[in-house]
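Undergrad: Structure incoming, see below.
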Ligand code: NAD
């Protein structure tokens, strides 16, 4: 049984409650976890608050914090097999994804923030004469206790995106993984302790109770909320944080456009469109599920796209030959089935997929699905499906492609495929999205900020912007001591001197 991680030690939930995490590939429980409640929220926040107040972490020289984060990156690689095994059973991502994407991305995130904080300019000083002679110090201090709440699609990477910058900044935190995927958060906490992060700095609460996240967001001793999840829950988080005026970083949903310009190599673009939509069964916030192709090229492009989809091997995520695993849960499978039915009712047509694959037992598998005859006003083009469902839409001019791409409540990402990269950059400038790829998709580097326009979120993770999200800025005005009130001439606004 896996326990909660509070104050540097494993502890059971105060109530003694437990729950089981289901392996999406088998639909069977694979491990038992503690089910935290309100009392555990209080204990974890108290541990993080005490560690913050003690200064044990924030007063360490930044270079020392950086070295510890660097070590976390090394340990992630040392324990790669164990982490990937846990993550695959918990989240259903493939063995390939775990080894090629999740571990390197998480390792790089810790090492990037380790390096960044070791060299960061955390304060600057200016001499000024306006409005009076003064020395001015501007400091970027750790914001305090962070509640980090993450979803189930990239449990390890999403947790790393929060832990690394928060710890780099000198914050302490309580991490709440998704109820579906608690395993890797606990392993990360263990690794952080092994690397030298002091007790109480990183605490982890597992549990299925929807109130857990809400209690953390509302907690008066939490200074900041870093949330990744759906736009629906993100709105709740924002309103629940209002009462205590907490800073919130929100990484939310998406419905990203993937524009194939007429001069693109259609073979590569078809592969790029499939990669952009079907990676991790489409359970990726930035998935490029609205594929825009010129109407004259639609048929040729769709033929190529269907051929790429046929090369995807849906199967047991533990099998290194599988390239697409199951969806996370029965509920998510039902959601995808419901959207496919809606798409058909709306008049769109599936040219492949549109059903569960045969012969894969009770796992939550779904075939890569391609819709054509989609228009941007359809539900399947407007709402995030979060499954392997790609919508092909057509345009007749570049202006129209850009207008369709921007006609969405979301603005997380977009892509442009073209043989003329300068021209593609000009198109990228017109897209309302936080990340725009040209001739690539899904590729991220922790050096560069990630986040949404519009209802895809607030604030940025990664990059120097991602560090700032965990800092609060203080200005210290150092005035001259005086003997005579006349030296403080501005007093005369209030009293005659
Ligand atoms: P979700 O919004 O249902 O849950 C996210 C997390 O919030 C979970 O840990 C959940 O337990 C917790 N939660 C639930 N109710 C809460 C409340 N009232 N207050 C605080 N926390 C609460 O999302 P999900 O289904 O786990 O994940 C899929 C969603 O995440 C998709 O919409 C996807 O686009 C989004 N996502 C966004 C990004 C990004 O970077 N923008 C990355 C990954 C996933």
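The values are calculated or read from the model by the stated rules, or taken from the named source; none is laboratory data. The model shown is predicted, which means the values in this text are computed figures rather than measured ones. Methodologically, a virtual Cβ is constructed for each residue, glycine included, from the backbone with ideal geometry; neighbour enumeration extends over all protein chains shown.
Undergrad: From the list 412, 462, which one is on the phi > 0 side of the Ramachandran plot and either within 14 Å of the ligand (Cβ to nearest atom) or touching a strand residue (DSSP E or B) at 6+ places or on another chain (Cβ under 7 Å) (or both)?
TA: Residue meeting the stated conditions: 462.
Undergrad: Could you tell me whether any residue of the range 312-324 is away from the ligand (no atom under 16 Å from the Cβ), in contact (Cβ under 8 Å) with a residue 60 or more places away in the chain, outside the structural domain of residue 230 (by TED's automatic domain parsing) and not in a loop (DSSP other than H, G, I, E, B)?
TA: yes
Undergrad: Which one of these does residue 195 not meet: (1) under 15 Å from residue 57 (Cα atoms); (2) within 9 Å of the ligand (Cβ to nearest atom)?
TA: Status for residue 195: all satisfied but (2).
Undergrad: While we're on this one: So how many residues does the range 16-55 have that are outside any helix (DSSP H, G or I) and either surrounded by 22 or more Cβ atoms within 10 Å (Cβ to Cβ) or out of contact with any strand residue (DSSP E or B) (no Cβ under 9 Å at 6 or more places or on another chain) (or both)?
TA: Residues flagged as outside any helix (DSSP H, G or I) and either surrounded by 22 or more Cβ atoms within 10 Å (Cβ to Cβ) or out of contact with any strand residue (DSSP E or B) (no Cβ under 9 Å at 6 or more places or on another chain) (or both) within the range 16-55 amount to 11.
Undergrad: Read through the list (1) touching a helix residue (DSSP H, G or I) at 6+ places or on another chain (Cβ under 9 Å); (2) more than 16 Å from the ligand (Cβ to nearest atom), then give the number of the only condition that residue 336 fails.
TA: The single condition residue 336 does not satisfy is (2).
Undergrad: With respect to residue 467, is the statement that it is surrounded by 16 or more Cβ atoms within 10 Å (Cβ to Cβ), touching a helix residue (DSSP H, G or I) at 6+ places or on another chain (Cβ under 9 Å) and closer than 30 Å to residue 125 by Cα true?
TA: yes
Undergrad: Right, here's the next one. Give the residue, chosen from 153, 136, that is crowded, with 24+ Cβ neighbours inside 10 Å, in contact (Cβ under 8 Å) with a residue 60 or more places away in the chain, more than 18 Å from residue 223 (Cα to Cα) and in the same structural domain as residue 110 (by TED's automatic domain parsing).
TA: Of the residues listed, the single one that is crowded, with 24+ Cβ neighbours inside 10 Å, in contact (Cβ under 8 Å) with a residue 60 or more places away in the chain, more than 18 Å from residue 223 (Cα to Cα) and in the same structural domain as residue 110 (by TED's automatic domain parsing) is 153.
Undergrad: Can you give me the ranges of the strands (runs of 3 or more DSSP E) entirely in the range 199-302 with at least 1 residues that are within 9 Å of the ligand (Cβ to nearest atom) and in contact with a helix residue (DSSP H, G or I) (Cβ under 7 Å, 6 or more places away or on another chain)?
TA: Per the criteria, 224-228, 247-251.
Undergrad: Could you say which residue among 118, 105 is without any contact (Cβ under 8 Å) to a residue 60 or more places away in the chain and surrounded by fewer than 24 Cβ atoms within 10 Å (Cβ to Cβ)?
TA: Only one candidate passes the filter, namely 118.
Undergrad: Hey, residue 327 hits all of (1) within 30 Å of residue 27 (Cα to Cα); (2) in contact with a strand residue (DSSP E or B) (Cβ under 7 Å, 6 or more places away or on another chain) but one; which does it fall short on?
TA: (2)
Undergrad: Just to be sure I understand, how many residues within the range 343-364 are free of Cβ contacts under 8 Å to residues at least 12 places away in the same chain and over 30 Å from residue 89 (Cβ atoms)?
TA: 2
Undergrad: Looking at the range 389-403, which of the residues that are in a helix (DSSP H, G or I) and touching a helix residue (DSSP H, G or I) at 6+ places or on another chain (Cβ under 9 Å) is farthest from residue 336 (Cα to Cα)?
TA: By that ranking, first place goes to 398.
Undergrad: Within the range 339-348, count every residue that is outside any loop (DSSP other than H, G, I, E, B) and surrounded by 13 or more Cβ atoms within 10 Å (Cβ to Cβ).
TA: Number of matching residues: 6.
Undergrad: Taking the range 375-388 as the search range and keeping residues that are part of a loop (DSSP other than H, G, I, E, B) and touching a residue at least 40 places away in the same chain (Cβ under 8 Å), which one is surrounded by the most Cβ atoms within 10 Å (Cβ to Cβ)?
TA: 388
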